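Input: a single structure, listed below in C-alpha cells.
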Amino acid sequence: MTITLELSQELEQELSLEAEKIDLSLSEYILHLLSARQVLTNPPKTGAELVKYWQNAGLIGSRSDIKDSQKYARQIR
C-alpha cells in the first residue's frame, strides 16, 4: 500500500535527521515509527513477549559479526 503524507518542512527535516542517525531512509524510519506504536500502547509484559518483539523487529541475530556474546559484553564494559 502506498500512502502520501504532507509533512511540514520542519517535521520532515526532524524525521530525516533521526532516520540518518540510525542509517535508515525517511520512509523506512516512518514505517519503523508506525510499527513501534503497538509497543508503546501495549508493552511486552513477560520475557517471552519481549523476545518475540525483538525477533519481529529483526534485532535478534542482527549482529552476525559477534561470535561470542559474553566476550563482546566484557569488551564493551
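Coordinate-derived values only; no laboratory data. All values reported here derive from a predicted model rather than from experimental measurement. All Cβ positions, even for glycine, are placed from backbone atoms using ideal geometry, and neighbour counts span all protein chains on display.
Residue by residue, the stretch 48-65 carries 3J(HN,Hα) couplings of 5, 5, 5, 4, 4, 4, 4, 5, 5, 7, x, 7, 6, x, 6, 10, 5, 6 Hz when phi is fed to the Karplus relation 6.51 cos²θ - 1.76 cosθ + 1.60 (θ = phi - 60°); x denotes Gly or Pro. Mean-square fluctuations from a GNM of the chain, with a 10 angstrom spring cutoff on Cα atoms, peak among Lys21, Lys52, Lys67 at Lys67. Given the alternatives (i) 12.2; (ii) 15.3; (iii) 12.6, Kirkwood radius over Cα pairs in Å as computed for this entry is given by (ii). Taking the charge dipole of the chain about its Cα centre, with +1 at Lys and Arg Cβ atoms and -1 at Asp and Glu Cβ atoms, the residue from Ile76, Trp54, Ala19 reaching farthest to the positive side is Ile76. Here the dipole of the chain is about 800 debye; that uses its Cα centre as origin and unit charges on the Cβ of Lys and Arg (positive) and Asp and Glu (negative). Annotation for Leu26 and Met1: the two label points, set 7 Å from Cα along the Cα-Cβ direction, are 2.2 nm apart.
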